[in-house]
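Undergrad: Quick one: the structure is below, and I'll ask about it shortly.
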Amino acid sequence: MSDTVTLTDNTTGRSVELPIQRGSEGPGAIDISTLYRETGLFTYDPGFVATASCHSAITYIDGEAGILRYRGYPIEQLAEHCTFMEVAHLLICGELPGVEKLAEFQSTIHKHMMVNESLTKFFQGFRYDSHPMAMMAGVVASLSAFYHDTLDIENLEHRAEAAQRMIAKVATIAAASYKRNIGEPFMYPQNNLHYCDNLLHMMFATPCGPYESDPVAVRALNILFILHADHEQNASTSTVRLAASSGANPYACIAAGVTSLWGPAHGGANEAVLKQLDEIGCRENIPKFIARAKDKDDPFRLMGFGHRVYKNYDPRATIIRQVAHEVLENYQGKDRRMFDLALELEEIALKDEYFVERKLYPNVDFYSGMIYHALGIPRNMLTVMFAVARTAGWVSHWMEMMCDPVKRIGRPRQVYDGAVKRDFVPMDQR
Ligand code: CMC
């Protein structure tokens, strides 16, 4: 039996046989690229619920089983044993690096962390209280103004250099956005520090005295960054790919990804979770908020709950919940109270029929904000941290797409609902 699907238009009786494309695991996909030519029909799938936009060998998710793997490796093993730099190498190059390869990769990234001094001046143009994600989007896009001599996207060396530069410089830009907000001088990156340590240094050190980051904070950041590094064709990664499909330069594409990530349904959820827990305030108020989440006439949603792909506990949330326990163990303050409230909210929601029926579980953003906050990272920086980590995934997808032989400009079609043809009416007759 051939691996095909036959579709019949019941209005015209016309049939078309379409091939099925199978990957190494997971669902296959009906290849509909000839459908319009053969039948004059498009497919309609708002939000791309059942549409594969590309072939990819980077990340595998089984949403029903709660499985996430980068390049075949289970996320749990990577989070336990690797550094963020090892995972970034894995995502981009396809393999975990050995000692020498890792040293070479890290050293290249470290050397690229410093940004052109003119770029740091851009921050003075932003109001002191600008949202750091707004600064990120603008300044990341402006990187293309500095590297126009290495922007040939057909050149393999230029591509690799752009990818390394982006992973390196987003951390420096993120830290500078924070420093701009609090009015402190920018700190230069230190080549001897590892990536996450370097980011904490650029955020929290000052020229007035020595700074040494807490190893617990560095370890937590490493794990969070590994978990946030990639998630196949999510909204921001698809945005990067769509922008790249026109041949736009990689810095512009990553800036597009940053803006897409910002929304509360995506990476902005970590900031929204903390705001919501503040509003809930105490255990007694939880039922009121659960009732609002279930009310179809109320747009309110429980932030940090639900996922397009996971219909099971998000495997990243399982790991993050454990890290939150470790980080917040010795805390007695507001962050600890918030974590306890989150645990109670989770427990109540997971027993509620509405959430059970719809398979709504905590996602990666439910606990991540609490950890970042406990590490001293303010709320408006939470999505920025996500963006820094996800840059490794974005550039990996950009590199993969550049090598894809079936790369075409992304150009969805539509079902037109507007006015049918009508004749122009002169102004004095309208
Ligand atoms: N609270 C209450 N109801 C919900 C929620 C929620 N958080 N999420 C989904 N539902 C309901 C929704 O109303 C719908 O109900 P019904 O079938 O009765 O109409 C059903 O569950 C299916 O939801 P959907 O909106 O069709 O699902 P989706 O796949 O389009 O949306 C989502 C996925 C993540 C945008 C959504 O679950 C949501 O808005 N969650 C809250 C925001 C959030 O935490 N986002 C972070 C996502 S993970 C990290 C990332 O992607 O960056």
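Coordinate-derived values only; no laboratory data. Fair warning: this is a prediction, and the values are worked out from it, not measured in the lab. Counting neighbours? That spans all protein chains shown, and the Cβs are built from the backbone with ideal geometry, glycine included.
Undergrad: Which residues in segment 200-226 place their backbone N less than 14 Å from a point set 7 Å from the Cα of GLN322 along the Cα-to-Cβ direction?
TA: 220, 223-224
Undergrad: Another one. Binning at 5 Å from 0, report for segment 70-137 what percent of all alpha-carbon pair distances ends up in each bin.
TA: 3, 13, 19, 13, 12, 12, 13, 10, 4
Undergrad: Distance between the C-alpha centers of segment 154-189 and segment 1-35? Whole Å please.
TA: Cα centres, segment 154-189 to segment 1-35: 45 Å.
Undergrad: Turning to a different aspect of this structure: Given ALA162, LEU193, ALA175, which one lies farthest toward the positive end of the charge dipole of segment 147-220, if we put +1 on the Cβ of every Lys and Arg and -1 on the Cβ of every Asp and Glu?
TA: ALA175
Undergrad: Modelled label-to-label distance, GLU117 and GLU357, 7 Å Cα→beta-carbon offset: nm?
TA: Going by the 7 Å Cα→Cβ label model, 6.5 nm.
Undergrad: Report, to the nearest 10°, how far helix 364-374 tilts away from the longest principal axis of the Cα atoms in the chain, using its own Cα long axis and a range of 0 to 90°.
TA: The angle comes out at about 20 degrees.
Undergrad: List, in the order given, every pair from LYS288/LYS359; LYS179/LYS407; LYS101/LYS275; LYS275/LYS407; LYS179/LYS288; LYS169/LYS351 whose Cα-Cα distance in the structure shown is over 32 Å.
TA: Table pairs above 32 Å Cα-Cα are LYS179/LYS407; LYS101/LYS275; LYS275/LYS407; LYS179/LYS288; LYS169/LYS351.
Undergrad: Give the peptides 217-229, 257-269 in descending order of average Cβ contacts within 10 Å, highest first.
TA: Highest to lowest by the protection proxy: 217-229, 257-269.
Undergrad: For a bin width of 5 Å, list the pair-distance distribution of segment 293-430 built from all Cα-Cα distances, rounded to whole %.
TA: It works out to 2, 7, 12, 14, 13, 11, 10, 8, 6, 5, 4, 3, 2, 1, 0, 0, in whole percents.
Undergrad: Okay, next question. Restricting attention to segment 60-117, which GluC sites (Glu not before Pro) occupy a DSSP loop and are surrounded by at most 11 other Cβ atoms within 10 Å? Mind showing how you got there, number by number?
TA: Values: sites: GLU64, GLU76, GLU80, GLU86, GLU95, GLU100, GLU104, GLU117; in loops: GLU64, GLU95.
Here the sparse-neighbourhood loop sites are GLU64, GLU95.
Undergrad: Based on the inverse mean of 1/r over its pairs of different Cα atoms, what is the Kirkwood hydrodynamic radius of segment 185-233, in Å?
TA: 11.9 Å
Undergrad: Name the chymotrypsin sites (Phe, Trp or Tyr not before Pro) in segment 65-121 that are in a loop by DSSP and that have at most 10 other C-beta atoms within 10 Å, would you?
TA: Counting only loop positions with at most 10 other Cβ atoms within 10 Å, none of the chymotrypsin sites (Phe, Trp or Tyr not before Pro) in segment 65-121 qualifies.
Undergrad: For segment 150-195, which GluC sites (Glu not before Pro) pass both filters: DSSP loop (anything but H, G, I, E, B) and at most 13 other C-beta atoms within 10 Å?
TA: Here the GluC sites (Glu not before Pro) that fit, given the DSSP loop and packing criteria, are GLU154.
Undergrad: Helix-only mean residue ellipticity at 222 nm, the chain, DSSP H runs n ≥ 4 weighted -39,500 (n - 2.57), per residue, nearest 500. What is it? Don't skip to the answer; put the middle values down first.
TA: On the way: 18 runs with 217 residues, N = 430.
Rounded to the nearest 500, it is -15500 deg cm²/dmol.
Undergrad: Sorting MET202, MET187 on the 10 Å Cβ count, fewest up front, what's the list?
TA: Going from least to most buried by this count: MET187, MET202.
Undergrad: Tell me the angle of helix 215-228 to the major Cα principal axis of the chain, expressed in degrees between 0 and 90 and rounded to the nearest ten.
TA: For 215-228 against the chain, the angle is about 10 degrees.
Undergrad: By how many degrees, 0 to 90 and rounded to 10, does the Cα axis of helix 334-351 deviate from the longest principal axis of the chain?
TA: 30 degrees
Undergrad: If you scale each eigenvalue of the Cα gyration tensor by 5 and take the root, what three semi-axes come out for segment 125-274, rounded to whole angstrom and sorted largest first?
TA: 26, 19, 17
Undergrad: Principal axes first, then extents: for the Cα atoms of the chain, list largest minus smallest coordinate on each axis, whole Å, largest first.
TA: 77, 67, 60
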